[in-house]
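Asks: One structure, as structure tokens, below. Some questions next.
The values are calculated or read from the model by the stated rules, or taken from the named source; none is laboratory data. These numbers come from a predicted model, not from an experiment. Please note: Cβ atoms are built from the backbone with ideal geometry, for glycine as well, and neighbour counts cover all protein chains shown. Heavy atoms of the whole protein, side chains included, go into the accessibility calculation; ligands, DNA and RNA do not. Shrake-Rupley method; radii C 1.70, N 1.55, O 1.52, S 1.80 Å.
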Amino acid sequence: MNAHRNTTDLSTTTRHRTGRRLGRTVLAAAAVAGLGLAWAGTAEAAGPSTAGATPTCSAAALKATFGQGLAGGMNHQGVVIRLRNLSGKTCALRGYPGLGLENSAHKAITTHTHWGNTWYAKDPGKKTLVLKDGQSAEAVVAWTHANTGTSGAVHASYLEITPPASTKHKTLAFPQWVDHGDLSVTALARHIDVTD
């Protein structure tokens, strides 16, 4: 009887150990699978685009130009900027362009860029714009020049325009006085209605 009990106890112990090993194996496999999914999700989020998604427009794919110049009372001034896709492929833009002022030697001037409404246009908000080859997006840039020629203003010669999600910029001639280096800009849109 003792022999039978020992055999039973041994069988029970073996079953418990086997069950524990199987449970650990299943948990380990689930953990590895979870890590794999988490890693894949992270890689996908960090990657430039997922399969079938429209790639972001690079600075090299875009041509920057000035559109309508904007003037007004109370020392306000502005301009429409355009980013045109000349890549030969469809690409996308979303958000606000980065802006920076440069002097005549192309040295950066301290610039403060404010995103949102400007004196001339209401901010359209961030929207993904899918641009086919040849299509463009625009934003409105505004500033004041009440302190022209004084220490309260900077004299710029160039404007750097950095497309959203880019680390490279386009440079346009921009011979302007800008109070304190402060610029306001709207988000990019297909078209923005402006008031003069």
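Asks: For the stretch 102-148, what are the residues that are touching a residue at least 12 places away in the same chain (Cβ under 8 Å), among the charged types (D, E, K, R) and in a loop (DSSP other than H, G, I, E, B)?
Replies: The answer is Lys122, Asp123, Lys126, Lys127, Lys132, Asp133.
Asks: Against the definition (at pLDDT 95 or above and touching a Lys or Arg at 6+ places or on another chain (Cβ under 7 Å)), how does Glu102 come out, yes or no? I'd like the intermediate steps shown before the answer.
Replies: Details: at pLDDT 95 or above: yes; touching a Lys or Arg at 6+ places or on another chain (Cβ under 7 Å): no.
In short, no.
Asks: Let me ask something else about it. So in the stretch 74-104, with the set limited to residues that are more than 14 Å from Val154 (Cα to Cα) and among the hydroxyl-bearing types (Ser, Thr, Tyr), which one is least open to solvent (accessible area, probe 1.4 Å)? Break it down into steps so the answer makes sense when it comes.
Replies: Start the filter on the stretch 74-104 by keeping residues that are more than 14 Å from Val154 (Cα to Cα), which leaves 74-99.
Imposing the further condition that a residue be among the hydroxyl-bearing types (Ser, Thr, Tyr) reduces the set to 87, 90, 96.
Numbers: Ser87: 54, Thr90: 60, Tyr96: 34 Å².
Filtering the stretch 74-104 for residues that are more than 14 Å from Val154 (Cα to Cα) and among the hydroxyl-bearing types (Ser, Thr, Tyr), the one least open to solvent (accessible area, probe 1.4 Å) comes out as Tyr96.
Asks: Among the numbered criteria (1) open to solvent by 50 Å² or more (accessible area, probe 1.4 Å); (2) at negative phi, which one does Val194 miss?
Replies: So the condition that Val194 fails would be (1).
Asks: In addition: Just one of (1) modelled with pLDDT of 95 or more; (2) open to solvent by less than 70 Å² (accessible area, probe 1.4 Å) trips up Gly152, so point out which.
Replies: Unmet for Gly152, out of (1) modelled with pLDDT of 95 or more; (2) open to solvent by less than 70 Å² (accessible area, probe 1.4 Å): (1).
Asks: Could you grab me the full set of residues in the stretch 149-196 that are touching a Leu at 6+ places or on another chain (Cβ under 7 Å), farther than 19 Å from His114 by Cα and part of a loop (DSSP other than H, G, I, E, B)?
Replies: Matches in the stretch 149-196: Arg190, Asp196.
Asks: I'd like to check something: does the stretch 50-61 contain any residue that is open to solvent by 60 Å² or more (accessible area, probe 1.4 Å), part of a helix (DSSP H, G or I), small (Gly, Ala, Ser) and at pLDDT below 95?
Replies: Looking for residues that are open to solvent by 60 Å² or more (accessible area, probe 1.4 Å), part of a helix (DSSP H, G or I), small (Gly, Ala, Ser) and at pLDDT below 95, one finds none in the stretch 50-61, hence no.
Asks: Scan the stretch 163-191 for residues that are farther than 13 Å from Ala121 by Cβ, open to solvent by less than 30 Å² (accessible area, probe 1.4 Å) and touching a His at 6+ places or on another chain (Cβ under 9 Å) and report the count.
Replies: 5
Asks: Condition check: open to solvent by 30 Å² or more (accessible area, probe 1.4 Å) and under 20 Å from the mean Cα position of the chain (by Cα). Does Lys107 satisfy that?
Replies: No; evaluated as a whole, the condition is false for this residue.
Asks: Just one of Arg94, Arg84 is farther than 25 Å from Val178 by Cα, of a type in the set (Lys, Arg) and more than 15 Å from the chain's Cα centre (by Cα); which is it? Before you say what the answer is, go through the steps one by one.
Replies: Numbers: Arg94 fails: more than 15 Å from the chain's Cα centre (by Cα).
After applying the criteria, what remains is Arg84.
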